[in-house]
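The values are calculated or read from the model by the stated rules, or taken from the named source; none is laboratory data. These numbers come from a predicted model, not from an experiment. Counting neighbours? That spans all protein chains shown, and the Cβs are built from the backbone with ideal geometry, glycine included. These accessible areas exclude ligands, DNA and RNA; they are computed on the full protein's heavy atoms, side chains included. Shrake-Rupley method; radii C 1.70, N 1.55, O 1.52, S 1.80 Å.
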Amino acid sequence: MNILVTGGAGYIGSHVGKKLAEAGYNVIVLDNLSKGHREAVKKGKLLVGDLADTGLLDRILEEEEIQGVIHLAADSLVGESMEKPGKYYRNNVANGLNLLEAMVKNGVKYIVFSSTAAVYGEPEEVPITESHPTHPENTYGESKLFFEKIMKRYDQIHGLKYVSLRYFNAAGADLSGQIGEAHDPETHLIPIVLEKALGIRDKLYIFGTDYPTKDGTCIRDYIHVEDLAAAHILAIEGLAAGLESRIYNLGNGEGYSVKEVIEVAEEVTGKKIEADIRERRAGDPAVLVASSEKIKKELGWQPLYPDLKTIIESAWRWHQGGGFGGND
Ligand code: UDP
């Protein structure tokens, strides 16, 4: 089966592409390399291009005889999305729409979409199930929610079948050590904490200690990127086997505060990791913890590396190895 992975040179996309290829799929990656890394595409073919290019999308779907799409290409920074909302609506909604149009035109029926816990906003109850109301607090989450709604309409009108995976906090690195998280600039907590431990980052800031949580810092549900990647394979297999359109949460069901993440990282690295306190970051809900019972029950997904220590250990191995030839 020929699968197009948009954003396949990015952090999560590169893990998805590798796992797909290992499962025997023919992987075609489309990435504009604005954030992704050429070296992250370990298997399959890399096509460098942008979702804004409708002609290119048509050509790829036709010439590569694409049968299913895993769509991860997007801007994904909560903070930036509150400074540049237009960028998020354009890339995540309008350009994504180009992909759906090209799929309809070329008769491609299945899409697995990379969505986010940020669609929920501040939860009314945790763990969050898929039926929890959606009130995104930031543009990033809203752009992903818009796209889910568009896919629903495309299913109704064009019969396009989708699985939307609402990721909680992806973390860790491939256990082979070949690929891992390498954003530029880095904004995510775990890599920043590890860069501080390595001494290649001056300051680590905790964004807010006045949240209504046990220690005042935000609580998140960290999920190993390999477990996340495995869910994409189950989703595309499900769609090919006739699964109706679905939304699934993906997390471990356990929350850790920012301070706890730093403590576990100290344990893993054996180093004292100093942090300074800053004001809250705009758009951050206090607590995000998933219920992933639905995907476990319906697709048989099971996380293999649920505990935070294992997740941070895999990230630490990757960071110690220098990432893709350094901190980019
Ligand atoms: N965070 C922090 N300092 C940092 C980066 C992140 O305190 O340098 C906090 C952030 O406010 C959030 C949590 O760590 O509560 C996870 O943030 P991250 O950016 O990793 O993921 P997000 O939850 O935004 O997807």
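For the range 26-72, count the residues as N, evaluate 2.2 N^0.38 Å, and divide the Cα radius of gyration by that value, please. This ratio for the range 26-72 stands at 1.11. The angle between the Cα long axis of helix 308-320 and the main principal axis of the chain comes to about 90°, on a 0 to 90 degree scale. Where the accessible area of the range 1-61 is counted over protein heavy atoms with a 1.4 Å probe, how much of it, in %, is carbon and sulfur? Solvent-exposed carbon and sulfur of the range 1-61 make up 47 percent of the total. The listed peptides 248-254, 214-220, 3-9, ordered by packing as a protection proxy, come out as 3-9, 248-254, 214-220 (highest mean of other Cβ atoms within 10 Å first).
Between ASN92, ASN106, ASN169, the residue with the greatest mean-square fluctuation in the GNM of the chain (Cα pairs under 10 Å linked by springs) is ASN106. Per residue, the solvent-accessible area of the chain (1.4 Å probe, heavy atoms of protein chains only, all protein chains present) comes to 41 Å². Across the chain, the mean sequence separation of Cα contacts (distance under 8 Å, 6 or more residues apart), normalised by length, yields a relative contact order of 20 percent. On the principal axes of its alpha carbon atoms, the range 1-83 extends 40, 29, 19 Å, with the longest extent given first. Full extension of the chain segment joining VAL48 with GLU260 gains 72.4 nm, where the gain is 0.36 nm per residue of separation less the Cα-Cα distance. When only alpha carbons are used to place a centre, the range 257-279 and the range 68-118 end up 33 Å from one another. Normalising the average separation of contacting C-alpha pairs (under 8 angstrom, six or more residues apart) by the number of residues puts the relative contact order of the range 102-153 at 35 percent. Cross-link partners of LYS294 among aspartates and glutamates, defined as those whose alpha carbon lies under 18 angstrom from its own and excluding same-chain residues fewer than eight positions apart: GLU125, GLU130, GLU148, ASP221, ASP227, GLU237, GLU244, GLU254. Three semi-axes describe the equivalent ellipsoid of the range 116-246; taken as square roots of 5 times the Cα gyration tensor eigenvalues and ordered largest first, they are 31, 21, 13 Å.
Equivalent-ellipsoid semi-axes for the range 24-176 (Cα gyration tensor, √(5λ), whole Å, largest first): 25, 19, 16.
Debye-formula intensities of the chain, expressed as log10 I(q)/I(0) at q = 0.09 Å⁻¹, are -0.43 (one equal scatterer per alpha-carbon, no solvent). Under 16 Å between alpha carbons, and skipping anything fewer than 8 positions from LYS84 in its own chain: which lysines qualify? Candidates past the 8-residue exclusion: LYS144. Atom-type composition of the exposed protein surface of the range 95-190 places 48 percent of the accessible area on carbon and sulfur (1.4 angstrom probe). Largest mean-square fluctuation among ILE157, ILE190, ILE273, in a Gaussian network model of the chain whose springs join Cα atoms under 10 Å apart, belongs to ILE157. Computed over the range 99-145, the percent of Cα pairs more than 17 Å apart is 48. Averaging the Cα positions of each part gives two centres, and for the range 12-43 and the range 185-199 these lie 24 Å apart.
Express the Stokes-Einstein translational diffusion coefficient of the range 218-315 in µm² s⁻¹, to the nearest whole number, given a Kirkwood radius over alpha-carbon pairs, 4 °C and a viscosity of 1.567 mPa s. Translational diffusion coefficient: 85 µm²/s. The angle between the Cα long axis of helix 258-269 and the longest principal axis of the Cα atoms of the chain comes to about 80 degrees, rounded to the nearest 10. Find the percent of Cα-Cα distances in the range 63-140 that exceed 21 Å, and round it to a whole number. Summing the P(r) of the range 63-140 above 21 Å gives 42 percent of all pairs. Given a 1.4 Å probe and every protein chain left where it sits, what share in percent of the accessible area of the range 192-255 is carbon and sulfur? Carbon plus sulfur share of accessible area: 47 percent.
Computed over the alpha-carbon atoms, the range 120-159 gives an Rg to Rh ratio of 1.07, Rh here being the Kirkwood radius from the mean inverse distance.
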